[in-house]
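Encoded as structure tokens, the structure appears first; notes follow it.
The values are calculated or read from the model by the stated rules, or taken from the named source; none is laboratory data. Quantities reported herein were computed from a predicted structural model and do not represent experimental measurements. We place every Cβ from the backbone using ideal geometry, glycine too, and count neighbours over all the protein chains shown.
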Amino acid sequence: MINGKTLSEQYYKWIKANTSFKDVASKITRIDEPFLDNDSDEITMYVVQKGNGNITLTDDGWTTDNLEGKGVSISRSAKRKQILNQQIKAYGVSYADDELYIDTTVDKFPESKHRLLQAILFVNDMFMLASTSVNSIFFEDVSAFFSAHNIRANKNMAYIGASGLTHKYEFSIPGINKIPMKLVKTLSAPNNPIFAKSILADVEQTKPVLEDPSDFYVFINDYNQKKDAAISINPDIINLFEGNGINPVLYSDRESYVKELSR
């Protein structure tokens with residue numbers, strides 16, 4: 001019989017087998033993660049030893065370099081830089097000289113590594129389309145939708161999950177009396193299974209630590225602005241969410257959820 005312990009053991013076994021640590025220079029370790037960017041390349045980060053137990057985890061500019069290659073400039077856009085800094089603060093991540101990084105200590109390495117990975121995935125997702133084809137960022141679209149319907153949503157809520165790692169939700173809608181709180185994730189790269197599984201991992205780690213009843217939602221961007229057409233969503237991703245108690249909300253069908261989300 002499949003149970004939580006069995007699934008947990010399989011997951012951590014897979015993580016260990018597919019994560020690589022390699023010393024590439026004095027006091028510098030390279031980490032290759034089993035998570036992929038939009039080009040299906042493995043995500044890489046580095047640990048730089050500073051002495052006295054202090055370290056810096058950094059993407060070495062990889063994330064923004066990747067976006068620059070797609071025509072998305074962070075450094076030349078004050079608006080994008082502002083949004084970037086606002087979002088990564090929720091992960092405790094800093095941005096300077098094109099690098100995403102965390103200054104931390106060795107004893108806090110696991111959590112810090114997890115937070116930096118989450119930030120890298122989020123930034124890739126948020127800015128993945130070129131500026132010529134994007135009129136607004138999906139996060140801002142969802143925020144505007146909540147505001148237009150007077151849905152009282154708090155932005156960027158973070159929870160310490162069952163494993164001790166931090167898990168971030170783009171929006172949180174408070175509950176009252178017997179109405180559950182609603183935690184909302186966004187998925188602007190709708191058919192990327194890595195991002196979808198990352199959302200599932202956040203939910204599975206958050207559920208055990210919540211004291212009050214909570215419902216989980218993921219807003220899925222199913223619109224291609226460049227082609228002005230709907231995006232066909234892989235049914236496996238929808239099934240992944242629904243089968244694990246997460247309510248998938250296609251952005252094109254968002255109006256159907258106003259009453260539900262307003263409660």
Query raised in the report: Can you find a residue in the range 169-177 that is touching a residue at least 24 places away in the same chain (Cβ under 8 Å) and touching a His at 6+ places or on another chain (Cβ under 7 Å)?
Result: no
Report task. State all residues of the range 20-55 that are under 19 Å from the mean Cα position of the chain (by Cα) and farther than 16 Å from S112 by Cα; if no residue qualifies, say none. Result -> P34, F35, L36, D37, N38, D39, S40, D41, E42
Query raised in the report: Within the bounds of the range 150-160, is there any residue that is at pLDDT below 90, under 24 Å from N66 (Cβ atoms), loosely packed, with under 14 Cβ neighbours inside 10 Å and not hydroxyl-bearing (S, T, Y)?
Result: no
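Results for (1) touching a His at 6+ places or on another chain (Cβ under 6 Å); (2) closer than 19 Å to D107 by Cα; (3) in a strand (DSSP E or B), shown as yes or no for each residue.
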| position | (1), (2), (3) |
| --- | --- |
| I15 | no, no, no |
| V24 | no, no, yes |
| I31 | no, yes, yes |
| T44 | no, no, yes |
| Q49 | no, yes, yes |
| T63 | no, no, no |
| L67 | no, no, no |
